[in-house]
There are 2 protein chains.
Amino acid sequence: MSATNHYFDHNGTTPLDTRVLEAMLPFLSQQHGNATSRHAYGRAARHAIDQARAQVAQAAGAHPSQVIFTAGGTEANNLAITGISQAAGIGHIAISSIEHPCVTRPAEAMQARGWALSRVPVDADGNITAAAVQSVLNKESLLLSVMLANNETGVIQDIAAIAETARRHGVSVHTDAVQALGKIKVDFAALNVHAMTLSSHKINGPQGAGALIVDKRIDIQPVLLGGGQEKGLRSGTENLAAIVGFGAACELVSAELLQRTARLRQMREQLETGLASLGAQLFGASAERLPNTSFFAVPEIDGETLVMALDRKGFAVASGSACSSDSGEPSHVLLAMGVQPDLARGAVRVSLGVDNTTEHITAFLHTLQSEVNRLKRLTAIAV
Amino acid sequence: MSATNHYFDHNGTTPLDTRVLEAMLPFLSQQHGNATSRHAYGRAARHAIDQARAQVAQAAGAHPSQVIFTAGGTEANNLAITGISQAAGIGHIAISSIEHPCVTRPAEAMQARGWALSRVPVDADGNITAAAVQSVLNKESLLLSVMLANNETGVIQDIAAIAETARRHGVSVHTDAVQALGKIKVDFAALNVHAMTLSSHKINGPQGAGALIVDKRIDIQPVLLGGGQEKGLRSGTENLAAIVGFGAACELVSAELLQRTARLRQMREQLETGLASLGAQLFGASAERLPNTSFFAVPEIDGETLVMALDRKGFAVASGSACSSDSGEPSHVLLAMGVQPDLARGAVRVSLGVDNTTEHITAFLHTLQSEVNRLKRLTAIAV
């Protein structure tokens with residue numbers, strides 16, 4: 001991309017930190033190896049993966065032995081939902097109504113195979129209360145999955161309280177922490193869940209690596225079968241360079257989280273002050289949210305049209321979650337929050353990253369104002 | 001690894017070609033992107049993936065629309081076995097008795113869920129005949145999976161003949177071509193199979209990318225569910241840099257296959273002449289084999305011990321397939337060929353790559369001779 005492009009879609013994917021790339025490069029050249037091999041190359045690969053495992057565990061408040069590497073967040077969420085349900089046998093699964101499709105669809109697949117499935121409702125701000133969780137659990141419940149922070153609104157859930165409620169019912173708890181890691185403190189032990197999903201490419205690490213953090217006291221069956229890597233829970237040759245990069249990105253998160261959060265929060269405040277003066281409506285405004293995410297609509301302006309207009313001006317933002325932006329439907333997250341479909345169709349997501357600056361925000365707000373004015377004139381003419 | 005180390009384990013994994021790394025680097029820096037995003041970054045990522053899809057198709061004798069990218073060979077084999085079986089409904093699955101665990105174990109998982117499972121026997125040289133395939137198929141058969149070339153022995157199967165037999169029974173055919181690509185010509189159309197597995201890191205491409213080539217006339221259900229990438233058959237953010245690298249590695253295969261094959265064959269002849277003069281027994285000796293693979297045993301010498309001894313001298317070879325070398329059992333491939341367990345425990349695999357030289361082979365044979373002599377003296381003392 002040219003230097004005039006500004007990237008504001010960090011919940012979609014993030015640029016690779018140059019320090020992470022430095023850490024990966026030896027493993028993309030002379031230090032190749034299959035970590036299952038017993039010779040010197042294999043042992044060096046195993047050693048590098050063990051180091052990355054410790055780095056990931058450190059950033060997530062977990063023990064290295066709890067880290068199961070996968071190819072990404074989608075695979076880890078599939079492993080959690082399918083693997084825990086299959087190991088427990090037929091019963092009841094509960095997920096929140098605002099989960100990512102890589103939680104929702106595996107849960108629906110289990111439903112097609114005989115499991116019961118419920119969705120926990122959210123309130124108008126996108127919050128999931130322990131009472132709402134309580135209302136859907138029953139004696140057959142075996143698994144609850146509620147994301148730590150939502151990819152679209154950035155709303156953060158009180159997972160510790162939710163987990164406490166679920167544990168009282170003897171239910172295993174999974175949380176998708178893909179969007180939370182690197183933006184807020186993520187502590188597996190303090191959240192007191194049984195399984196937690198992480199992804200490398202959302203924290204300035206490489207694509208192709210993720211992890212499921214697993215409390216070893218729960219049973220889980222693998223989804224990908226074969227050579228028995230990752231304690232049998234994830235077969236397939238370990239993606240050595242990507243895992244090393246994921247570890248390096250986690251180490252940077254551990255070292256820099258507070259300063260990153262402060263910078264993101266400051267930029268977001270500047271952004272949201274500007275959005276308010278534009279008449280934009282912010283979703284989840286009163287909820288606790290990730291410091292980098294603003295999901296908003298300008299009344300009477302179509303979100304997709306606005307995203308395309310901003311793209312032509314060099315600003316990359318999203319109209320919904322990237323992973324489902326091929327569908328023309330309004331955001332299922334907003335509909336679950338009770339937002340009217342007409343307003344939901346106006347939704348635009350700005351997700352900031354540490355590579356952004358306040359100058360980027362100023363330029364963005366300027367362009368947004370002129371594009372909104374232009375689109376409003378077009379609408380007025382059309383009417 | 002130091003310059004004095006010689007890597008002879010290319011069926012385990014291969015070093016990344018520096019030209020492939022060059023192709024990847026832009027996508028590990030400024031050209032980051034989520035291929036599902038609609039903005040300029042996302043469209044650039046999509047374009048790069050489409051180019052890689054064409055490169056992979058070209059190297060494999062397929063059409064770009066038939067290429068489903070996965071995180072690797074294991075995932076592609078799981079997708080083929082589980083996805084085709086599930087789509088067809090309960091019935092009979094046949095696999096050869098020498099498949100990789102990432103075919104065998106998904107097939108066994110389907111068996112646990114109600115499907116019938118048979119194993120096609122191999123002859124003493126590791127060949128699977130069309131008659132042997134015919135003998136296990138029945139009216140309930142829905143899927144046959146036979147690998148194109150074996151990872152341990154390198155024996156190449158006549159997949160076109162096998163597929164013709166299976167098609168006469170209305171059975172879908174899958175072949176695991178992970179070890180064949182880059183070493184012999186691989187032509188999806190000519191093999192006339194319905195699905196074929198490829199892997200990037202076996203052809204001097206990066207780890208973390210693979211593909212299932214799929215004839216669109218067969219039904220297949222996804223294993224990983226979520227955002228619906230890869231036509232719904234493989235959800236999860238595309239690993240952009242790895243896919244670009246896989247494409248670049250395939251383009252090099254298309255351009256250089258003949259010269260690679262000739263070089264590998266010449267080095268292997270030098271190796272096997274030396275092995276014969278050492279009294280080594282070569283497995284699958286009379287079968288058609290990959291030009292880079294020699295699987296042998298020196299009678300009365302334990303394979304694992306010899307591999308460790310060679311490793312200490314700077315030569316990386318395998319005692320079996322890397323993916324299952326944690327188990328102490330003799331190779332299931334050799335046992336299926338009727339090799340006595342005592343001899344099978346002596347098995348050592350040398351798998352050459354384009355980075356090897358005839359000087360490496362000479363040095364290896366010299367060291368092998370002295371280590372064999374030393375181990376024989378130790379054995380004589382122990383007895």
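The values are calculated or read from the model by the stated rules, or taken from the named source; none is laboratory data. Predicted, not measured: the structure shown is a model, and the values here were computed from it. Positions of Cβ are backbone-derived with ideal geometry, glycine not excepted, and every protein chain shown enters the neighbour counts.
At a glance:
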| item | result |
| --- | --- |
| Selection status of B:Ser199, in the same structural domain as B:Ala88 (by TED's automatic domain parsing), under 26 Å from A:Leu79 (Cβ atoms) and not aliphatic (A, V, I, L, M) | yes |
| Every residue from the range A:1-13 that is surrounded by 24 or more Cβ atoms within 10 Å (Cβ to Cβ) and either free of Cβ contacts under 8 Å to residues at least 60 places away in the same chain or within 7 Å of another protein chain (Cβ to nearest Cβ) (or both) | A:Tyr7, A:Asp9, A:Gly12, A:Thr13 |
| Residues of the range B:56-98 classified as of a type outside the set (A, V, I, L, M), on the phi < 0 side of the Ramachandran plot and surrounded by 24 or more Cβ atoms within 10 Å (Cβ to Cβ), total | 10 |
| Members of the range B:87-104 found to be more than 10 Å from chain A (Cβ to nearest Cβ), farther than 13 Å from B:Ser141 by Cα and either assigned to a helix (DSSP H, G or I) or in contact with a His (Cβ under 7 Å, 6 or more places away or on another chain) (or both), listed by number | B:Ala87 |
| Residue count for the range B:143-177, restricted to those that are of a type in the set (Asp, Glu) and assigned to a strand (DSSP E or B) | 1 |
| Among residues of the range A:56-84, those that are within 11 Å of chain B (Cβ to nearest Cβ) and either in a loop (DSSP other than H, G, I, E, B) or over 20 Å from the mean Cα position of the chain (by Cα) (or both), counted | 2 |
| Single unsatisfied condition, B:Leu258 versus (1) in contact (Cβ under 8 Å) with a residue 24 or more places away in the chain; (2) part of a helix (DSSP H, G or I); (3) of a type in the set (A, V, I, L, M); (4) more than 14 Å from chain A (Cβ to nearest Cβ) | (1) |
| Residue list for the range B:299-310, filter: in contact with a Lys or Arg (Cβ under 9 Å, 6 or more places away or on another chain) and within 19 Å of B:Thr362 (Cβ to Cβ) | B:Ala309 |
| Candidate set: the range A:91-145, residues that are under 26 Å from A:Ala344 (Cα atoms) and hydroxyl-bearing (Ser, Thr, Tyr); chosen: the one modelled with the lowest pLDDT | A:Thr129 |
| Count of residues meeting criterion [more than 18 Å from B:Val20 (Cα to Cα), within 7 Å of chain B (Cβ to nearest Cβ) and among the polar types (S, T, N, Q)] in the range A:15-55 | 3 |
| Search result, residues across the range B:329-383 that are more than 23 Å from the chain's Cα centre (by Cα), of a type in the set (Gly, Ala, Ser) and not in a helix (DSSP H, G or I) | none |
| Verdict on A:Ser331 being within 11 Å of chain B (Cβ to nearest Cβ) and either touching a helix residue (DSSP H, G or I) at 6+ places or on another chain (Cβ under 6 Å) or at pLDDT below 95 (or both) | no |
| Hits in the range B:99-129 (condition: small (Gly, Ala, Ser) and crowded, with 17+ Cβ neighbours inside 10 Å) | B:Ala107, B:Ala109, B:Ser118, B:Gly126 |
